[in-house]
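Let me begin by presenting the structure, written as structure tokens, before commenting on it.
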Amino acid sequence: GAAPDIRPQSVKQHQRMDTPEKVAVLLRAAGLAPARIWPERFERRWTRPELLALRSGYGEIQRRLESLPPETRAACVERVRTRLEALPDAALTHRPEVVFALARRA
């Protein structure tokens with residue numbers, strides 16, 4: 001029952017830069033010469049309270065939660081807390097890949 005996120009679709013374009021090849025295209029389009037582009041994977045092990053606070057307190061999810069009446073919001077967060085408790089610890093590890101780039105003016 002939450003409202004859709006208010007952030008415009010034009011901002012939600014992570015898929016345009018999720019590989020080194022795509023980042024190179026964007027850099028060249030901006031008039032830059034890529035010097036080095038590389039992906040790197042990170043690992044972050046979350047605790048259940050940290051993960052719940054992060055996901056419910058920032059960004060799109062926070063904005064959507066805030067569109068709910070207080071009682072509904074609290075019930076939703078509690079359902080998520082219960083589901084998090086049922087997950088194994090290994091499920092709380094986040095392993096994002098970040099694409100880094102260095103470029104010069106062409």
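For every residue, the table says whether it meets (1) of a type in the set (Lys, Arg); (2) within 23 Å of Glu97 (Cβ to Cβ).
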{"site": "Val11", "(1), (2)": "no, yes"}
{"site": "Arg16", "(1), (2)": "yes, yes"}
{"site": "Thr19", "(1), (2)": "no, yes"}
{"site": "Pro39", "(1), (2)": "no, yes"}
{"site": "Ser56", "(1), (2)": "no, no"}
{"site": "Ile61", "(1), (2)": "no, yes"}
{"site": "Pro70", "(1), (2)": "no, no"}
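Identify all residues within region 30-48 that are open to solvent by 90 Å² or more (accessible area, probe 1.4 Å) and within 30 Å of Ala74 (Cβ to Cβ); write none if there are none.
Arg44, Arg45 - these are the residues of region 30-48 that are open to solvent by 90 Å² or more (accessible area, probe 1.4 Å) and within 30 Å of Ala74 (Cβ to Cβ).
Looking only at region 1-22, which residues are in contact with a Pro (Cβ under 8 Å, 6 or more places away or on another chain) and closer than 12 Å to Glu60 by Cβ?
Scanning region 1-22 gives no hits.
Could you tell me whether Thr82 is surrounded by 11 or more Cβ atoms within 10 Å (Cβ to Cβ), of a type in the set (Val, Ile, Thr) and assigned to a helix (DSSP H, G or I)?
So Thr82 does not fit the description; no.
Which count do you get for residues in region 55-79 that are out of contact with any Gly (no Cβ under 9 Å at 6 or more places or on another chain), small (Gly, Ala, Ser) and either open to solvent by 40 Å² or more (accessible area, probe 1.4 Å) or free of Cβ contacts under 8 Å to residues at least 12 places away in the same chain (or both)?
The qualifying residues number 4.
Can you tell which of Leu27, Leu52 is surrounded by 12 or more Cβ atoms within 10 Å (Cβ to Cβ), out of contact with any strand residue (DSSP E or B) (no Cβ under 6 Å at 6 or more places or on another chain) and of a type in the set (A, V, I, L, M, F, W, C)?
Every option except Leu52 fails the conditions.
Limited to region 8-21, what total is found for residues that are open to solvent by less than 80 Å² (accessible area, probe 1.4 Å) and either touching a residue at least 40 places away in the same chain (Cβ under 8 Å) or touching a Cys at 6+ places or on another chain (Cβ under 6 Å) (or both)?
Number of matching residues: 3.
The values are calculated or read from the model by the stated rules, or taken from the named source; none is laboratory data. Quantities reported herein were computed from a predicted structural model and do not represent experimental measurements. With ideal geometry, Cβ positions are generated from the backbone for all residues, glycine too; neighbour counts draw on all protein chains shown. The accessibility values were calculated without ligands, DNA or RNA, using every heavy atom of the protein model including side chains. Shrake-Rupley method; radii C 1.70, N 1.55, O 1.52, S 1.80 Å.
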